[in-house]
1. What are the residues in segment 385-412 that are surrounded by 24 or more Cβ atoms within 10 Å (Cβ to Cβ) and without any contact (Cβ under 8 Å) to a residue 60 or more places away in the chain, if any?
2. Being within 19 Å of the chain's Cα centre (by Cα) and assigned to a helix (DSSP H, G or I) is the requirement here; does residue 71 meet it?
3. Residue 203 versus (1) farther than 24 Å from residue 323 by Cβ; (2) touching a helix residue (DSSP H, G or I) at 6+ places or on another chain (Cβ under 8 Å); (3) surrounded by 17 or more Cβ atoms within 10 Å (Cβ to Cβ): which is the lone unmet condition?
4. Given the criterion closer than 25 Å to residue 275 by Cβ and touching a residue at least 60 places away in the same chain (Cβ under 8 Å), identify the matching residue among 18, 100.
5. Of the conditions (1) within 22 Å of residue 5 (Cβ to Cβ); (2) in a loop (DSSP other than H, G, I, E, B); (3) modelled with pLDDT of 95 or more, residue 315 clears all except one; give me its number.
6. I need the strands (runs of 3 or more DSSP E) fully contained in segment 75-148, keeping only those with at least 1 residues that are over 29 Å from residue 189 (Cβ atoms) and more than 14 Å from the chain's Cα centre (by Cα).
7. Given the criteria in a loop (DSSP other than H, G, I, E, B), at pLDDT below 90 and farther than 21 Å from residue 141 by Cα, does residue 347 qualify?
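The values are calculated or read from the model by the stated rules, or taken from the named source; none is laboratory data. Model, not experiment: these values are computed from the prediction. Neighbour counts are summed over all protein chains in view; Cβ atoms, including those assigned to glycine, are modelled from backbone coordinates with ideal geometry.
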């Protein structure tokens, strides 16, 4: 499998180059030259597979030619032994046709673990093969940083640099990044919002000083194709558990950077019969405005109860736009070259098919709090604030006869303040791994929103 840039001005490269790179040299995102295709019969033949076996089947075409099938299956199997449930993820039925897919049973209690743990294993594999030192670099608005650190910190030939907005993540999210006590982990609190952190990361990947450095810098956030492809697996897994309904599924996805949602699109492109994706946002509603008004424009970021979605530029939207332009990179490159100065619209001839597949809903903090309270009162199930946006979208946008799966993206114990606001006095069960984090000493750097300062710090640690 070879990969090409969405902007078409970079050479096609194998999977290892995509994994060990960030943005393509032309500033675009890497995409497979073609999606693997699975027939319904083939998909249903996987119904009795364990999660790691299903992941191996679905994902192997993306790495074929660089990793032997048996080696890849072993990597995947080892990755998912770190999760607290045997099947990695867990489906819970709240009421008829209303399901929650719990994706938070990994080491950091967030959905990002599902993909990030495999990314770490793949990095370790290729680092050994190529004899390279690797620096994992990412921006996070919440859970990505902790997941990247958990996945990579144990590998001695990997340095981890995570940029996050100073004082704009929760106490638990911050502590999961700052208490590892590992000498190869560098949490960097940037005096900015998430978009400022993301902008610095993107600039680093285009900076010649980093490209000629002996250390190989790779992207830990959702622009890395390995994360998109891996997250597609649990869409297949859900279908196989609910297929006896004889109906296409609707998935409701709390969405910020659009990587999780694009994984659903990827599953559809590979042949999975998904009826619709519901895109749930908080008050940072760039994606909601896109799917309701066909208008994609950068705006200011509000700090909300769902901080992982506090984003005004959804980086993975470029991948969807590329597909909607029939993989015409020349048109896309011209359009992205003027963004964010000029807003973007989906092509008119594609708009009807887009709105037939995507719907969206925006939730304010008050509505998030209300959904947490309502769901708990009606079913005894506790939602974190991100999952609450997805549940609210499912309740409002999906009909009662549609089988809807809401993606539960984080354990509610990571958001104590939001739960207390919704259900005052609730005795929240804190997992032992979080209790431990809350007791450890923190170590992190606070840096200004200054590219040169961040660059100087990072290069001082890898040289």
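1. Listed by number, the list holds a single entry, 412.
2. Judged against the criteria, residue 71 is not a match.
3. Condition (3) is where residue 203 drops out.
4. Matching residue, one of 18, 100: 100.
5. (3)
6. 90-95, 98-102
7. Answer is yes for this residue.
Table: residues versus (1) surrounded by 23 or more Cβ atoms within 10 Å (Cβ to Cβ); (2) in contact with a helix residue (DSSP H, G or I) (Cβ under 8 Å, 6 or more places away or on another chain); (3) under 21 Å from residue 225 (Cβ atoms); (4) touching a residue at least 24 places away in the same chain (Cβ under 8 Å).
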{"position": "287", "(1), (2), (3), (4)": "yes, yes, yes, yes"}
{"position": "296", "(1), (2), (3), (4)": "no, yes, no, yes"}
{"position": "308", "(1), (2), (3), (4)": "yes, yes, yes, yes"}
{"position": "324", "(1), (2), (3), (4)": "no, yes, yes, yes"}
